[in-house]
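Remarks on the structure that follows.
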Amino acid sequence: MRPIRLPEQSVGRRSRAEVFEGGIYGAIKRVVVIGNGFSGAESQCIGLVRALGLSGCHSLYRVTRPRGGINGWLHWLPVSLHKKVNYIMRQIYSPFQMEARGDEVVPFAVQKTGLSNVLEADAKQIAKMARDTFDKDGPLLVVASGRDTIPVASSIKRLAPENVFVVQIQHPRSQLNRFDLVITPRHDFYPLTPHAQKQIPWFLRRWITPREPPDRCVVLTVGALHQADSAALRSAASVWHYELSPLPKPLLVVNIGGPTSSCQYGVDLAKQLTAMLQNVLWSCGSLRISFSRRTPEKVSKILLKEFSANPKVYIWVGEGPNPHMGHLAWANAFVITADSVSMLSEACTTGS
């Protein structure tokens, strides 16, 4: 088995979240993770929980938006307003639709997430739980990530300030004092380069460019937090040993995400990537390509057509176990689309 090129855990490393000991918070023994249903955001929360040694002590809550129909055009609204608009629309249109079909009207609150152990994030309920159980279980650590989680996490802090320690991952853009700690990549906290900042008139800089250095409650990271720590990669190397270890080396892994507002691409990327991989394929023992749920079909089709018949190439299209962690553990080199800082950060962690 190829050894994972990662530093060993330091001797005497604290296994629990003792970093919170002292003061009004005492020792943290339980965590509420608030996600938005996107793996890139939730993985950052769980990665932090793992690093604190609290993996077995967390519960996952999600902020969910209405889906289907016109809701796809309403994601720019704050999530609370989006739900109210959806509720009003359902009240107007559902009775007529259901009457025509002879169906019973289903209350708006009934939503199936597909995961029975994932609860809807309700700030009032979480804050009440933190207050009611404080004497028995101590303070509650709340870790949230994603735009839709910001109002929920800040409301929990406002409702139970003495009973919770709230960490917001990714830059909330305003009122950082709503949280006990903000953890964000440096490129997210300083979205403009130093040269670009100088182009802004001096009287506008205080509103456009963050303060340097940041407030004490802000921790800047080089990349995104994630779950691919040393222990996780060693476990994945063992799980995927029989499938990945026999492959001819070097093993090149290509992870393809999907276009974002700041990283647009489509067929042009697929063609460019195809040409690049054809140029380097001769030097690879094996090539494995993975698509994400966000990968446009027009991109995946081009790569599938070009490489699916090549014996050197394996393409994972979403069927069977996700080999992502196995790829991180066994790959000798990576090619990753620039839309996902999380995937880039995970690959950098491996040392390949």
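The values are calculated or read from the model by the stated rules, or taken from the named source; none is laboratory data. Predicted, not measured: the structure shown is a model, and the values here were computed from it. Neighbour counts are summed over all protein chains in view; Cβ atoms, including those assigned to glycine, are modelled from backbone coordinates with ideal geometry. Ligands, DNA and RNA are excluded from the accessible area calculation, which covers all protein heavy atoms including side chains. Shrake-Rupley method; radii C 1.70, N 1.55, O 1.52, S 1.80 Å.
With both labels modelled 7 Å from their Cα along Cα-to-Cβ, the Ile92 to Asp137 distance reads 4.2 nm. A Förster distance of 22 Å, applied to the separation of the beta-carbon atoms of Gln264 and Glu297, puts the FRET efficiency at 0.85.
Legend: residues Ser340, Ser261, sorted from most to least accessible area (1.4 Å probe; ligands, DNA and RNA excluded), read Ser261, Ser340.
Applying 1/(1 + (r/R0)^6) with R0 = 41 Å to the Cβ-Cβ distance of Glu319 and Ser55 gives a FRET efficiency near 0.90. Give the distance, in whole Å, between the Cα centre of segment 266-327 and the Cα centre of segment 141-156. The two parts, judged by their Cα centres, are 36 Å apart. Shown for segment 230-349: the carbon plus sulfur share of the solvent-accessible area, taken with all protein chains present and a 1.4 angstrom probe, equals 58%.
In the complete set of protein chains, residue-level accessible area for Met325 is approximately 60 Å², probe 1.4 angstrom. Listed by chain and number, the lysines whose C-alpha is less than 17 Å from the C-alpha of Lys301, apart from same-chain residues fewer than 8 away, are Lys271.
Heavy-atom accessible area, probed at 1.4 angstrom with all protein chains present, ranks Phe307, Phe291, Phe334 as Phe334, Phe291, Phe307, highest first. In this calculation the C-beta distance from Asn177 to Val280 is compared with R0 = 45 Å, giving a FRET efficiency of 0.35.
Using the 1.4 Å probe convention, the accessible area of segment 230-349 works out to 50 Å² per residue with neighbouring protein chains retained.
Could you sort out which of Lys29/Lys157; Lys29/Lys84; Lys29/Lys128; Lys249/Lys298 sit more than 28 Å apart by Cα distance in this structure? Over 28 Å Cα-Cα: Lys29/Lys84; Lys249/Lys298. Going by accessible surface with a 1.4 Å probe and the largest first, His187, His171 read His187, His171.
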